[in-house]
């Protein structure tokens, strides 16, 4: 399992829980198998949406029919579409596999916090999406390393019960691992959620499917999951950023070059560096238990450093609510429990106006974390 990190640039924690040494990790569940589903060749499959710049959304889907148009009809009333957008399409081949026609169409401008109904390719079923709010509060669902197992389905079921605006998936999506049809089954698995709320993803090691014949290791990922890299000034779909409801989210690429001479480093520096370093640092939330079958990463298990406040090897997802410009709330939701139950929770407060200086940061952190 590749460890994933969500980096939040607002510092000190007020902890409500400690390490759950008594927690017993449940056993893995079997890989999901999907029955063959006969659909008209022109009907959309694997529909998912993503943010695509200010007040715009990208609709992505696949059709078997190569003549299907890359158009999306949409509006605020069901079956009453007031606008149509034209997009682009692509396809790829990987050894003996040939993908369907992959469509990407940007719609907008859209109103904030509004339900839209849409139809892909000029026919087929109707879908609906909800745009994020224009200002705080905003809630992100966060899950990584999903895979395609019984626990994956459980994670998706739990996320479907929470009231979130945007899904962040920091790497390792389908666990196709060179078996291209597993990209298709993953797309169908997540469609009920991914077609209704924007899914903002980045790559992990399981997306890198390079072999001697295909040196472009992210051919499948880049073809299917197009993110707003161009809109954010990036030159690669492997890293990008976006703005939503007053929050600036940066999705970095662990498998794109990131040394000081790299394009990613230069791009990131231009976006966030203001000439000095913050001695307070950032809060790191490490997740990676969305449902895959790889098991635990034991390398960093022991000894636990004092700056690692909470650990739990449970399948589940996180919910990050940005309440306002100074306060955010993080909660971890196990698949073992009902959705409203949090096994861990923490308030994160901004240190923009605090006394957090290089020589006092540890003392301040200790004081704020005290009961």
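What follows draws every value from the coordinates through simple rules; no lab data is involved. Bear in mind that the values here come from a model prediction, so they are computed numbers and not experimental data. Cβ: placed from backbone, ideal geometry, glycine included. Neighbour counts: every protein chain shown.
General observations
- Packing around the peptides 260-271, 244-255, taken as the average count of other Cβ atoms within 10 Å per residue, puts them in this order, highest first: 244-255, 260-271.
- Tensor-based shape of the stretch 241-290 (alpha-carbon gyration tensor, a/c under 1.5 rounded, otherwise prolate or oblate): rounded
- With Cα atoms, 0 to 90° folded angle of helix 150-161 axis to the chain main axis: 80 degrees
- The protection proxy used here, the mean number of other Cβ atoms lying within 10 Å of each residue, ranks peptides 278-287, 32-41 as follows, highest first: 278-287, 32-41.
- Length gained on full extension, residue 27 to residue 271, computed as 0.36 nm times the residue gap minus the Cα-Cα distance: 83.6 nm.
- Rg/Rg_ref, the chain, where Rg_ref = 2.2 N^0.38 Å and atoms are Cα: 1.01
- Highest to lowest packing among 292-303, 154-165, scored as the average C-beta count within 10 Å: 154-165, 292-303
- Each Cα pair under 8 Å and six or more residues apart adds its separation to the average, and for the chain the resulting relative contact order is 24 percent.
- With Cα atoms, 0 to 90° folded angle of helix 263-272 axis to the chain main axis: 60 degrees
- Centre-to-centre, using Cα atoms only, the stretch 24-61 and the stretch 101-134 are separated by 15 Å.
- Gap separating the Cα centres of the stretch 63-91 and the stretch 262-285, nearest whole Å: 39 Å
- The length gained on full extension between residue 296 and residue 162, counted as 0.36 nm times the residue separation minus their Cα-Cα distance, comes to 45.6 nm.
- Antiparallel bridges, percent of DSSP beta bridges restricted to the stretch 42-174 (to nearest 5): 90 percent
- Cβ-Cβ FRET estimate between residue 43 and residue 96, R0 fixed at 25 Å, reported to 0.05: 0.50
- Computed label-point distance, nm, for sites residue 284 and residue 153 using a 7 Å Cα→Cβ extension: 3.6 nm
- Helix 181-194 axis versus longest C-alpha principal axis of the chain: approximately 70°, rounded to the nearest ten.
- The modelled label-to-label distance between residue 135 and residue 338, using points 7 Å beyond Cα along the C-beta direction, is 3.5 nm.
- Only beta bridges with both residues in the chain are counted; by DSSP, about 90 percent of them are antiparallel.
- Extension gain, residue 248-residue 208: 0.36 nm per intervening residue step, less the Cα-Cα distance, totals 11.7 nm.
- Shape of the stretch 35-158, Cα gyration tensor, a/c cut at 1.5: oblate
- Of the two radii for the stretch 135-279, the radius of gyration is 0.98 times the Kirkwood radius, both from the alpha carbons; that is the Rg over Rh value.
- The simple spin-label model puts a point 7 Å past each Cα toward its Cβ; for residue 329 and residue 345 those points are separated by 0.6 nm.
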